[in-house]
1. Leaving ligands, DNA and RNA out of it, report the carbon-plus-sulfur percent of the accessible area of the protein assembly as shown at a 1.4 Å probe.
2. Nearest 0.05, what FRET efficiency do A:Phe349 and A:Arg67 give at R0 = 45 Å with Cβ-Cβ as r?
3. Using alpha-carbon pairs under 8 Å, 6+ residues apart, how would you state the relative contact order of region A:250-422 in percent?
4. Only residues of region A:224-243 count here: report those whose backbone N is under 16 Å from the spot 7 Å along Cα→Cβ of B:Ser91, or say none.
5. Can you give the FRET efficiency to the nearest 0.05 for B:Ala433 and B:Lys63, using r as the Cβ-Cβ distance and R₀ = 56 Å?
6. Per residue, how much accessible area does the protein assembly as shown have with a 1.4 Å probe, in Å²?
7. Projecting each Cα onto the charge dipole of region A:314-362 (Lys/Arg +1, Asp/Glu -1 at the beta carbon, about the Cα centre), which of A:Gly344, A:Thr330, A:Ile359 comes out farthest on the positive side?
8. How much FRET efficiency would the formula 1/(1 + (r/R0)^6) give for A:Lys213 and A:Leu74, where r is the Cβ-Cβ distance and R0 is 22 Å, rounded to 0.05?
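The values are calculated or read from the model by the stated rules, or taken from the named source; none is laboratory data. These numbers were taken from a predicted model, which means no experiment stands behind them. Cβ sites come from the backbone with ideal geometry, for glycine too, and all protein chains shown count toward neighbours. Areas reflect the complete protein model, heavy atoms only, side chains present, ligands, DNA and RNA absent. Shrake-Rupley method; radii C 1.70, N 1.55, O 1.52, S 1.80 Å.
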Amino acid sequence: MAQKAIREADGKRMIARLLKEYTNGTYTIADRFVTVGPDTDVKKLPTKYSWLAKEKLVVKPDQLIKRRGKSKLLLLNADWKDAEQWIKGRMSKPVTVGTVTGILDHFIVEPFVPHAETDEYYLAILSKREGDEILFHHQGGINVGDIDAKAARLMVPIGTSPTAADIQRQLLGNVPKERRELIAGFIEGMFKFYADLNYTYLEINPFVVTGNKIVPLDLAAKLDDTAEFVSGKKWGGIEFPSPFGRMLTKEEAYIKDLDSKTGASLKLTVLNPDARVWTMVAGGGASVIYADTITDLGFMGEMANYGEYSGDPNEEFTYLYAKTILDLMTRKKHPKGKFLLIGGGIANFTDVANTFKGIVRALKEYQKKLQDTNVKIFVRRGGPNYKEGLRVMRELGEQLGVPIEVYGPETHMTKIVSMALKGGK
Amino acid sequence: MAAKKDYILFDKDTQAFIYNMQTNAVQRMLDFDFVAGRKTPSVAAIINPTGSDGFQKFFFGPKEILVPVYKLMKTATVNHKNVDVMINFASFRSAAATTEEAFTYPQLRTVVIIAEGVPERRMRELIAKAKQLNKVIIGPATVGGIVAGAFKIGNTGGTIENIMDSKLHRPGSVGFVSKSGGLSNEAYNIVSQNTDGLYEGIAIGGDRYPGTTLLDHLLRFEKNPDIKMLVCLGEVGGSDEYTIVDALKKKQLTKPLIMWVTGTCSKAFKTEVQFGHAGAKAGSDAETADAKNAALKAAGAVVPNSFDDYGEKIGMVYKDLVKKKIIVPRPEPPAVKVPMDYNAAIKAKVVRRPANFISTISDDRGEELLYGSMPISEVFKKDIGIGGVLSILWFKRLLPDYATKFIEMAVMVTADHGPAVSGAHNTIVATRAGKDLISSLVSGMLTIGPRFGGAIDGAAQMFSEAYDAGKTPAQFVNDMKQKGVNIQGIGHLVKSIHNPDMRVTIISGYAKKHFKSTPLLDYAREVEKITTSKRDNLILNVDGCIGICFVDLLRSELGTKEADEYIKMGALNGLFVLGRSIGLIGHYLDQKRLKQGLYRHPWDDIAYMLPEK
């Protein structure tokens, strides 16, 4: 539920399809943007898009990677045969960009547009609390540099649209006179497009002017996914890709799948499966604070996972969630033993004893492994029926022969972190 | 009513509209009102756009009160001029439009938007509009907030036990604001453990564009002389916290501020992470929690080293203010207890109550409907048929196949007997008078009695009494003759010993073939021999045959005692009623289908024999 990045090809196709509506038909951009995904039948593409075989092409990965040119992830001025080879050589293979390694699985193929450096312009629209800001610079492209310092800006108060005249006056001072009207009309249309489709971020760097045509060469954009019920039809059937490099492990994918099957929320990110501190925290806000506290107390390297369960998942889902974490944490032993923090704040209306049922079931099932891995468990929780929940946990510790320390709302929420990590209060 | 100070949004007299029928939230507000010692309920009315005007019953402490319900916001505002708050439980689709509508009523000053997922652009439009009209929005995506001892928004604060534990029923000195609503219970708990308690707590909501910001509320708290210290919980992402840094630097905030920004763990993640809230994502270094915490500390806020000493720092500042006599701790007021809800008490096993009704045949409460102990899926899996269902629901056991088959045969045989019999006739007349299905059916059904359709029951009783008394068939026939009573189940209008009724042949044939024993049927056949020797149409008729066979069946399956109880209760009449309903409904549909008009009996078919004048 938030601002979500979209693929470059989806953004460009949307512009090609709709910009004419927002400019009384005066601006048309040809829809020549092809997405190649892992399941695309590449051989069939030239029949479907005849221009692929006829024109020089550009190919780039299309999965939210910044500065692709600098990472040599850009093929320019190629014919279809080369493009096909280039994609084939990279599809489904890992690549490292900066510090992040991810698998390449989506590419955009589009016509190569020959132009001079002086034809490149920078345009961005950003959303702020008071309105939307248009940033423009008369020199765009890879080497645009510190755009925050350089760009001309036009703040558009919420609920209004800038006229072409506003745009010319405020933004286009450094643009050759003969191009001002063309660019001003384009920006005016793009702004309407941006606002009407509930974009929250749009950067085109560069767009180029050739003759009386404007072509966006490189685009990054975000949509407000909560506006799906308003703008979803105009967006077309798009999906929101995960950030580049977020490769889900088997267990993470499993929890994501569970999450999608329940109205409740189940989240899991494995940070370091060999680390000693595992958390199973109720509530999105509380889970962040537990992870913070582990970090702030200087144990970032010991933090094995981040995750949360909330929204009252039923016993079965809580059980499966707990089981996944217990399985992960008992696979390998650590000479100093391991910790499991079953934490949470004071619930509003969720019955605490009920939510513990699934966790208790999983703990019982993993009794032997927990003992073998020398796991110590800390519990802290409050809310409806918490006393019963905590009593059950205390009893369980005695039954299982696994040390379980149990605390309620009288103990500060994160105290169990220092108890575990520092061996005392 | 004295005008509220501009920094007061909610006080002990504030009344609100609740938009959408949120009965739980309303009851929780009223429970809070009771423990806070409010004189008037904090909910003036409910606006329910999908319902109609009326009232809804709620508890106000131990009493029950009626809260008005309006379909239109306009009617609510006209009837409740003093209301200046609307708590908007509309969905994310309609939250913006309904808030906009609320803005058109000058009396409504504060709107709390609960929904999560309001589009950002719509929200920004609302923010601009609110500014222009001098309105206050709290939310979206929030649980709301609370003014301790005065006013509680919706579900804030959790259960009433938690509200009492966190001392939210009476005011303290702390103004608290956070984005997260989920953590507000925890924060109020921390505040209550380390200070004299909360004065006001607001959760602005997790969206990127909350209607009011952390700073908006801190500035309000700054102006409120009853609030002595400020506590704030920020989070990674956005730049809201920097406006607080500026306000600290500009001395717009002078009261001690203890603040912590969550999300310091984001550095442990390699790729960009979206935490729970829409706004909680660091887009740049300045948006990280570490940078914000450092900037706040530099500007003079009390910033703990981690959330772990948040409470300690709050306590430290509080003690200092007490020492300086800025805060003078007040004696604890006597605590009021809200009566426990009956359902909660049942769940907690602290009360019990004798039930007014008992059912031993079916149960609709579980995963699956149960007939007896048999789940409905099993009913079909085992294909027990209507006879099986009837045997479970009537006789509390699944009878063997031969018996359930017999029940079905009885239903089939009694289903109809043509349009001329009195039950069908009455149904037809009622149908033609324009009555509905149930009235027409019942009209026919009410005809069933000793003379029409009642012979099944009557025959069963008469024959079994005679048989049980050890009378020979001849004695029985003679006895009845002397009493001048017709033997029920004997005799037919047209059928005779030479022209047997096929229905009787089928039923008695089946009984002879499949029943374990048929003593009563055999007895009846003997009786029939005597009666037909007198007149050849005095045969065992279909009603008698069914009734008598049924007694044989029930006695062999349930034992004589239990079987006779069912017969006394009228179970056999039930069989006829059940079967004949099929036919009566058929006649009703038939007449409707044929569009038959009102029936009027012809004069010449009635002999008018009035007394002479």
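1. That share works out to 54 percent.
2. Calculated transfer efficiency: 0.40.
3. Once normalised by length, the contact order is 22 percent.
4. The answer is A:226-232.
5. Approximately 0.65, to the nearest 0.05.
6. 46
7. A:Thr330
8. After rounding, the FRET efficiency stands at 0.50.
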